[in-house]
Amino acid sequence: MMFGALFFMYAGMRSHALMWPPPGVPHLPIALPAVNTAVLLASSGAIALGVKALRKGERRALSAWLGVAAALGATFLVLQVVVWRDVWAAGLQPSTGAYGSVFYGLTALHAAHVAAGLLVILLVLVRSLLGKYTEHNVMKVRLPAMFWHFVDAVWVLMFVSLYLL
Amino acid sequence: MEQHIHPEPKAFIWKYVFSIDHKVIARQFLWTGLMFLALGGTLAMMIRWQWAYPKTAVPVIGQLFLSQTGGAITPPTYTSIFTMHGLIMIFWAITPILIGAFGNFCIPLMIGARDMAFPKLNMYSFWAFFISAILVILSFTSQLGAASAGWTTYPPLSTNVGAPGWGQTYMALAIFVTGVSTIMGGINYIVTVIRYRAPGMTWFRMPLTVWGLWLTAILNVLFVPVLGSAALLLALDRLAGTHFFVAGAAVGIQGGDPMLFQHLFWIFGHPEVYILILPVWGIVGDILSFFARKPAFWYKGSVFAMIAVTVLSAVVYGHHMYQTGMAPLLGLGFEMLTLAISVPAVVLFVNWLNTIWKGSLRLEVPMLFALGMVFVFGAGGLTGLLLGTISTDIYLHDTMYVVGHFHLTMAAASFLGSFSALYFWFPKMYGKQMDQNMGKVHFWGSVVFITLVFGGQLVAGYSGQHRRLFDPYQYKYIAHLAPLNRWTSYAAFALGITQLIFVVNFIKSILMGKKAEQNPWQVSTLEWTHCASPPVYHNFDIVPTVVRGAHEFADPAVKKKFGRDYLDQVEPGLGAVGEESSDAMPEPEAIGAE
Amino acid sequence: MTARRLLRAVTGLATSAGAVLTASIAAAAPQPETGYGLPRDVSADGHRIDWLMGVTNIITGVLFLIMLGWILYAAIGHNAKRHVAVHDHGTSRRSIFIVLGISGSIFFVVDGNLFFNSTTDIEEVFHNFEKVEHDPTTIRVEINAHQWAWDTRIAGPDGKFNTKDDIVSLNDLRIPVDTPVIFEVASTDVLHAFNLPNFRAKVDAVPGQINRFWVQGKTVGEYEIGCAQHCGTNHYKMKGEITVLSKEDYARWADEASKNSARLFDENDKDAHWGWDWKGN
């Protein structure tokens, strides 16, 4: 509902604006964010495969997939920071009116959720290496995975609505 | 699903500080909530002082906190006083008392569970709330004053442009953090009621209290995040230089939209008022039945009415924004839905009135407060009609009529409902009884002075007095209301003093109250019939199997067979099928089947 | 607010006041109200709101008394001391019918009356800008709200806003009696709300937006303008005066005031040119 409210806010801002993007603001890059979308989708895929592996009792495979998911998640954050830096240097800042506020606000709040999710995945990875998960307590890995998928889905919505539309 | 029995922790820190026991957490919320209730009440007294004796020194408080101005309230201080009064009462007083304390205490016990679904999450929820409380106190310490943009926090006034300084920022953050706490609690309540009801405790055998708290939790989980987003975006505007809500000359054409905040705020804000009243509706529905010794009239109708209000509450928020230049068609839509809420509200109300009619009323203290709640809510609800109607709202918007309306329905009703709950469950919480005579004095003082204070506000508002005015008498067309305001203030001071009776009673009873029996009120719900006063750590040695609803009173056949006028939710009863009350369902096939 | 602008406003005010005083008997400052209840209504259509509130109050007053009586009777007459409870779950068809019947009746009668009348009043009068925009006698006023006063602007003889002959004032608005007056309201800083209690009219002033409403005064005299949205420290004294003049007095005053404004017009004072092209229909 929080992201729902944020998208509602974005829709409101955009519908009231005479022009979107407003005149004079730098264009947003598409390449890196597109790569990031792929990165996050792959990360979701990795963690899903990890859950599937655990269901079959393959605990080492789980740890491997968790590691992949974490690495990809970290990659996302790094690339996101690169995008921010580039865009900032091109002249778009949070104080650049509604457009800047929306861009940084949405992506920053999303990134905060990615970071939180990443911490959880790392925690789950450590516990997995310690052998805490079996095919009988899969839910303990499924829940963090579902959060991760959610964060991924929000990103896809954001990528499409912020960068493409 | 049955929960395991865990051993009780021994060390002080795990037993009383970082406890995961819902009963301890409930008391933590209760104490914190009561302290903030006192703080919010004191702020209210300061507002009333200013209107009774404008620009004169406030006794005691003036000397302690307003020494720079000789003890008198100044216009900027005034704006902080009414802002903090509103915010504190809603988020740090009523919410922890009704939802934090009674939600936590009552839900597991009344449904036959040993604890909440997620006891550790429950503990985190309290400590997040505690952190938000610290942020509130910090707001008062800010050099430029505490938050001052009204509890509604509308930008641009609430941005750096209108309210510079840390005071407003602390409150934006405090709102966010308490929202996190509420969401955690809400998830816990929802899951607990779905998964951990005792065998045989079907949905329609649950006490109305649980229904009220459960529907509240659903609204909380859905809509507090929207408030959270509004608070977050405001915090970003204040701290990170964004322009979500900043508009006007400061930003030019690329600015944000202050109206956006109002939408986000009220999408949360309207459900919030139902969040604050649904627990009380549930509690009062049960208490009226218990103390009239009569079944809750059309129990299912009351449940459906509460569900209907819950659903409708999501789609009426625009009535707070009628005067903002909204398209008339949109206003019409909101108006229709707002008026439609009358229907379930009246159903609930008529059910209450019919529950007590031809009952056998025991006017004990919880019942007195419950009847008082019905009275003030009826009055307050009726005043809502003129506000929900667009044309009459043109005149009444932003007047004291609005203030009187929401104080009657939200403050007074929740206030009296909370005390009804407190006097009722005190023996179960603390194993002791409160002084009933002091309780009766507390009741009469409260209900009489509440009626005078908020009735006085209605009259002042109808006569044209606006909200949030440091000195209403600046306006010639309101200047003649000074005596009305002064007398209303006297009633308010009397209301405040009356609460001291409760404070003395509460503390005295905890320390040296008479020991309470297991079921002193002789009612049928599980916490009274199957738990000690107070309950053991794990609530139930053996989780009982439920066979009927919670309101089986007044059956002459039961009186004849058992010598008392009620059946509890577990005992076999009269034996033959068909003699059960009509709110009991047929026996489930297997234990635990829904 | 620049000192220059303040000087302009004060000079314009002094001149206009002088014109009115010499021309007719000026009413004293706004008359105080007495007693409790609605302030005097000097608008052509405010009575609709007053009527709707009055009727609803009577009905809800009766409902309130019934409720109170019911509770008291039950508390005393059906007290445990003298009454045994009846075993009724309220689930009989008759009971449910009665409950739904009462809810439905109140809804259709009370709520229905409110909804029907409010919608009619809004469509026919309060939101009927079609009628007044096309009325040749309509006066148009632009209101610029800011912390903590009301800038007002009436287009001069040229009929255009933000031009040399506009009648500009601070907190001192004058309109002719029995004439529709449309207000367009904006704000430069925070939310305000332009409130005319004696006309039963108000609308929010939102930065970045222009809101409008219209009234028609029917009684000559001086009344108050208030702010109906918390706007900061001095919200409580953000008041102004609206004077309803006879048509002749208004014409005389407007002529005088417009000439004064043109004389004092300063091209370089950008702050003073806050007006906007009339948004209209």
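Over chain B, what is the mean sequence separation of C-alpha contacts under 8 Å (at least six apart), divided by residue count, expressed as relative contact order in percent?
In percent, rounded to a whole number, it is 16.
If packing is taken as the average count of other Cβ atoms within 10 Å, what order do A:129-135, B:542-548 fall into, highest mean first?
Ranking the peptides A:129-135, B:542-548 by packing returns B:542-548, A:129-135.
Under a point spin-label approximation (7 Å from Cα along Cα-to-Cβ), what is the B:Lys515-C:Phe97 distance to one decimal in nm?
Rounded to a tenth, the inter-label distance reads 5.5 nm.
For every other residue with a beta carbon closer than 12 angstrom to the beta carbon of B:Ala421, add +1 if it is Lys or Arg and -1 if Asp or Glu, then tell me the sum.
With Lys, Arg at +1 and Asp, Glu at -1, the net is 0.
Over all residues in B:477-489, what is the mean tally of Cβ atoms on other chains that come within 10 Å of each residue's Cβ?
2
Report, as a whole number in µm² per second, the diffusion coefficient that Stokes-Einstein gives for segment B:432-509 at 20 °C and 1.002 mPa s using the Kirkwood radius over alpha carbon pairs.
Answer from the Stokes-Einstein relation: 152 µm²/s.
With the crude spin-label approximation of a point 7 Å out along Cα→Cβ, what separation in nm comes out for B:Phe65 versus C:Ser105?
5.0 nm
Would you look at the GNM of chain C, springs on alpha carbons closer than 10 Å, and say which of C:Ile106, C:Ile76, C:Ile175 moves the most?
Among C:Ile106, C:Ile76, C:Ile175, the largest mean-square fluctuation in the Gaussian network model of chain C belongs to C:Ile76.
How big is the shadow of the Cα convex hull of segment A:54-165, averaged over all directions, in nm²? All intermediate terms of the calculation are to be shown ahead of the outcome.
Numbers: hull surface 29.7 nm².
With every direction weighted equally, the projected area is 7.4 nm².
What average number of partner chain Cβ atoms lie no more than 10 Å from the Cβ of the residues making up B:73-79?
Mean shielding count: 3.
Mind computing the radius of gyration and Dmax over the alpha-carbon atoms of segment B:314-401? Å is fine for both.
Final numbers for Rg and Dmax: 16.7, 53 Å.
Once every DSSP H run of n ≥ 4 in chain C is given -39500 (n - 2.57) and the sum is divided by its residues, what mean residue ellipticity at 222 nm do you get, rounded to the nearest 500 deg cm²/dmol?
Helix contribution divided over all residues of chain C: -12000 deg cm²/dmol.
Just grab the label-to-label distance for C:Arg40 and A:Val81, each label 7 Å out from Cα along the Cβ direction, in nm (one decimal).
If labels sit at C:Arg40 and A:Val81, their model points lie 7.1 nm apart.
Can you work out D for segment C:46-129 in µm² s⁻¹ from Stokes-Einstein, where Rh is the Kirkwood radius over C-alpha pairs, the temperature is 4 °C and the viscosity is 1.567 mPa s?
Approximately 81 µm²/s, per Stokes-Einstein.
Order B:1-11, C:93-103 from most to least packed using the mean count of other Cβ atoms within 10 Å.
Ranked from most to least packed, the peptides come out as C:93-103, B:1-11.
Give the angle, between 0 and 90 degrees and rounded to the nearest 10, that separates the Cα long axis of helix C:46-77 from the longest principal axis of the Cα atoms of chain C.
Between the helix axis and the principal axis of chain C, the angle is about 30 degrees.
Hey, what's the Kirkwood Rh for segment B:12-529 if you take every pair of different alpha carbons, in angstrom? Working shown, then result.
Values: mean 1/r = 0.0426 Å⁻¹.
Hydrodynamic radius (Kirkwood, Cα pairs) of segment B:12-529 is 23.5 Å.
Stokes-Einstein D for segment A:39-115 at 4 °C, 1.567 mPa s, Kirkwood Rh over Cα pairs, in µm²/s?
92 µm²/s
Which of the lysines could a cross-linker bridge to C:Lys247, judged by Cα under 29 Å and excluding same-chain residues fewer than eight apart?
B:Lys476, C:Lys131, C:Lys160, C:Lys164, C:Lys202, C:Lys218, C:Lys239, C:Lys259, C:Lys279
To the nearest 0.05, what FRET efficiency results for B:Arg362 and B:Phe18 with a Förster distance of 30 Å applied to their C-beta separation?
0.15
Expressed as cubic angstrom per residue, what is the convex hull volume of the alpha carbon set of segment B:1-61?
Each residue corresponds to 109 Å³ of Cα convex hull volume.
Among residues other than B:Leu385 whose Cβ falls under 12 Å from its Cβ, what is the net charge (Lys/Arg +1, Asp/Glu -1)?
-3
Okay, helix-only estimate at 222 nm for chain B: each DSSP H run of n ≥ 4 adds -39500 (n - 2.57), divide by all residues, round to 500 deg cm²/dmol; what do you get?
Only helices count here, giving -19500 deg cm²/dmol.
Among C:Thr137, C:Thr163, C:Thr152, whose mean-square fluctuation peaks in a Gaussian network model of chain C (Cα, cutoff 10 Å)?
Most flexible of the set in this elastic network: C:Thr137.
Measure nothing but the geometry: give the 0 to 90° angle between the long axis through the Cα atoms of A:2-16 and the longest principal axis through the Cα atoms of chain A, rounded to 10°.
The angle comes out at about 20 degrees.
Per-residue counts of other Cβ atoms within 10 Å, averaged by peptide: what ranking do you get for A:25-37, B:209-221, highest first?
Those peptides, ordered most packed to least, come out B:209-221, A:25-37.
Would you kindly work out the equivalent ellipsoid of chain C from its C-alpha gyration tensor and give its semi-axes, the square roots of five times the eigenvalues, largest first in whole Å? Don't skip to the answer; put the middle values down first.
Working: eigenvalues 505, 73, 70 Å².
Semi-axes (√(5λ), whole Å): 50, 19, 19.
Using only C-alpha positions, report the orientation-averaged shadow area of the convex hull of segment C:34-81, nm², one decimal.
4.6 nm²
With axes computed from alpha carbons, what is the tilt in degrees of helix C:93-106 against the longest principal axis of chain C, rounded to the nearest 10 within 0 to 90?
20 degrees
Quick test of the membrane-span-like rule: which DSSP H helices of chain B reach at least 30 Å along their long axis (C-alpha atoms) with mean Kyte hydropathy at least 1.0?
Long hydrophobic helices here: B:119-141, B:166-195, B:208-239, B:258-292, B:365-388, B:482-512.
Determine one quarter of the surface area of the Cα convex hull of the protein assembly as shown, which equals its mean projected area, and express it in nm² to one decimal.
Averaged projected hull area, Cα only: 44.2 nm².
Computed from the coordinates by the stated procedures, all read-outs in this text should not be read as laboratory data. What you see is a predicted model; the values in this text were computed from it and never measured. Reconstructed Cβ throughout: ideal geometry from the backbone, glycine too, with neighbour counts over all protein chains shown.
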